[in-house]
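For reference, the structure discussed in these notes is given below.
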Amino acid sequence: MAVTPRLTCLSTFLLPSAGILLLMLFAAGTTNANTHLVHRRFEYKYSFKPPYLAQKDGTVPFWEYGGNAIASSENVRIAPSLRSQKGAIWTKQRTNFDWWEVDVVFRVSGRGRIGADGLAFWYTTEKGDYTGEVFGSSDRWVGLGIFFDSFDNDNKHNNPYISAVLNDGTKKFDHTNDGSTQLLSGCLRDFRNKPFPTRAKIEYYNNILTVLFHNGMTNNDQDYEMCFRAENVVLPKTGYFGVSAATGGLADDHDVFHFLTTSLHIPGQIKEQVPQDQDQAKLTQEYQDYQKKLELQKEEYQKEHPELQKDDLENWFEDYNARELRQIWEAQTATHEQLRTLNTKLDEVIGRQERTLGLLSVQGGAGAPPPHVTQQQQQGGAPQIGSGSVIQRHEVDALLRNQNVMVQTVTEIRSFIGEVHARTDSILNNQARAPTAQIQGGGYDMQSLIHEMRDGMNQVKQGMAGVSQRLQQPNAQASVQCPTQSCVGMTAFLVTIVVHLLVIVGYNIYRDSRDAQAKKFY
């Protein structure tokens, strides 16, 4: 049986897309598998995080910074939002491990629609300068530089961009082309002015460099997406970690909140021992002493100032701007979750379609039929798909026709609902413009009844005027003779008037009683 051209075209379109998705999932699964198989150890001498990121004297433990960088207890501002500012922060000692993973939490924010220049992550054999030419660090470095470039120097409208560049100390960075001629790999991601801090997870293991990116649109710490993955990347065995940033004519605030380094080792390569280093015990003791001292100072302050121990009522209320931002954020989060759910369902539908198209292509002669189909053909029966009935051409056409009928029916239902909605709106608008807020029992409101009575009186007046004009004409007076006696007697006229009055009074009494009964239900 031949497959319809429409299904063939659909299979030609879907199969490459499904292959790309499978490759991406395989790459992500390989990365996760490698991450879970390795032995991980946190390296505190190559990390910093709040609170108490900087000491009282402004220094950051195990790190040194310079240029225009500013360290506080919550973050390190590598470059402030002023023109021509440069700064950097570097580790004090080299690494003593081959493979590593670095989790950087940062924020790039500014008032302008376009920012500059950007932020850079470094892994080099020597420390760079604090006011260098390449994002605040030195050019002609030896090692790896990952640049979060926010300014479009080459005017190709491809910024903000994340790029990785390797250098052996002989290449000068190509600022004019944003390093595109020296690019190892990269991805187009927007990291400016996000509601939450953005994250970058940089992993180097078995000469494979992987960069995952968190766009800062959600508060989920694990909501990463693949930026790029490069194999056969050879980096120096030891080096220094660093972060630098620079501004130009345009300026952004470049803040780094976390820099967490984890060393990666092959399982069984190292043995966990009781740490002999006294620095860790010393820092732990200093931290505990500082916590106790802080608690004592809080208690003393509360005893000296009891009048200040009042509830801040402003924290119990939410202003209009904060509520509006919260509602917008909740709506965006819900939309994001729905899109992720739809993406998952779409992947399932694509998988089912591929399986169905594969079975149909087998029947169309595109390949050898499955064993169960061959067996059924040898037994003299029609080829079956699974345990169901035969799928033939007319059945496929019937399914397509049913789909078209369903689409037309849905369209008609939508148009009917729209018409009902429009008529309902017109009725509500007419009722709102009426002098009374309720519809009368006879089906007309008072204003409509008055208009009808007025139109009837105008018609009677026009008829009387026409009769009078005809009577005033000489020929009309000769041809028309007025009756000399009345056609209706006085008694019949009075009886008719009384009957009409009784009918009107009875109708009003009946309408009032019905309205009273209807109000009891409310």
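Below are the figures for this structure:
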quantity: Net length gained if the chain between R393 and D154 were fully extended (0.36 nm per residue, minus Cα distance); calculated: 80.5 nm
quantity: Lysines whose Cα lies under 22 Å from that of K45, excluding same-chain neighbours fewer than 8 positions away; calculated: K56, K92, K127, K201, K237, K271, K282
quantity: Over segment 203-243 - Rg/Rh using Cα atoms and the Kirkwood inverse-distance radius; calculated: 1.07
quantity: Cα-Cα separations in segment 57-120 greater than 19 Å, expressed as whole percent; calculated: 42 percent
quantity: Sulfur and carbon atoms: percent of accessible area, segment 205-253 [1.4 Å]; calculated: 43 percent
quantity: Shape category assigned to segment 47-171 from the gyration tensor of Cα positions, a/c cut at 1.5; calculated: oblate
quantity: Lysines whose Cα lies under 24 Å from that of K194, excluding same-chain neighbours fewer than 8 positions away; calculated: K49, K86, K156
quantity: Accessible surface of segment 35-147 [probe 1.4 Å, protein heavy atoms]: carbon and sulfur percent; calculated: 48 percent
quantity: Accessible area in square angstrom per residue, segment 181-243, 1.4 angstrom probe; calculated: 43 Å²
quantity: Rounded, prolate or oblate (a/c below 1.5 giving rounded, otherwise prolate when a/b exceeds b/c) for segment 155-312 by Cα gyration tensor; calculated: oblate
quantity: Rounded accessible area of I114 (nearest 10 Å², 1.4 Å probe); calculated: 80 Å²
quantity: Rounded, prolate or oblate (a/c below 1.5 giving rounded, otherwise prolate when a/b exceeds b/c) for segment 110-231 by Cα gyration tensor; calculated: oblate
quantity: Net charge of neighbours whose Cβ lies under 12 Å from the Cβ of S361, counting Lys and Arg as +1 and Asp and Glu as -1; calculated: 0
quantity: Translational diffusion of segment 138-179, µm² s⁻¹ [Kirkwood Rh, Cα pairs; Stokes-Einstein; 20 °C; 1.002 mPa s]; calculated: 198 µm²/s
quantity: M490 - accessible surface, heavy atoms, 1.4 Å probe, Å² rounded to 10; calculated: 140 Å²
quantity: Surface accessible to a 1.4 Å probe, H258 within the full protein complex, Å²; calculated: 50 Å²
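The values are calculated or read from the model by the stated rules, or taken from the named source; none is laboratory data. Fair warning: this is a prediction, and the values are worked out from it, not measured in the lab. Cβ atoms come from the backbone with ideal geometry, glycine included; neighbour counts cover every protein chain shown. The accessibility values were calculated without ligands, DNA or RNA, using every heavy atom of the protein model including side chains. Shrake-Rupley method; radii C 1.70, N 1.55, O 1.52, S 1.80 Å.
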